[in-house]
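Below is one structure, written out as structure tokens, with a few remarks after it.
What follows is calculated from the coordinates using simple rules that are stated; it is not laboratory data. Quick caveat, the model's predicted, so the values are computed rather than measured. For neighbour counting, all protein chains shown are included, and Cβ atoms are generated from backbone atoms with ideal geometry for every residue, glycine included.
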């Protein structure tokens, strides 16, 4: 098994664990910008984006936020969050 195959298997395992965590994200806790839930919302988005970053790191030669500014994903529902985390 090559290093790339080993890494791919590990990434698939982590993606499954991440999806399970995001599915368990409290559904009654709306992903709004209310002050008391802002921190959990940001954490959930950060975790969902980690999979996107892994793909970006493997498929991109360079990253320049001056040319393409970072814009955080802002889901309105848990379903949007799950869809975003699995689109890659």
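Could you rank the peptides 60-70, 12-22, 75-85 by their average count of other C-beta atoms within 10 Å per residue, with the highest value first?
Working: 60-70: 7.2, 12-22: 12.8, 75-85: 15.6.
The densest-packed peptide leads the list: 75-85, 12-22, 60-70.
What FRET efficiency would be calculated for the residue pair residue 12, residue 42, taking the C-beta separation as r and a Förster radius of 22 Å, to the nearest 0.05? Walk me through the intermediate numbers first.
Numbers: r = 26 Å, r/R0 = 1.16.
Using R0 = 22 Å, I get an efficiency of 0.30.
Work out the FRET efficiency for residue 59 and residue 23 from their Cβ-Cβ distance, taking R0 = 30 Å, and round it to the nearest 0.05.
Values: r = 26 Å, r/R0 = 0.88.
Efficiency at R0 = 30 Å is approximately 0.70.
Order by neighbour count: 58, 52, fewest other Cβ atoms within 10 Å first, most last.
Ordered from fewest to most neighbouring Cβ atoms within 10 Å, 58, 52 come out as 58, 52.
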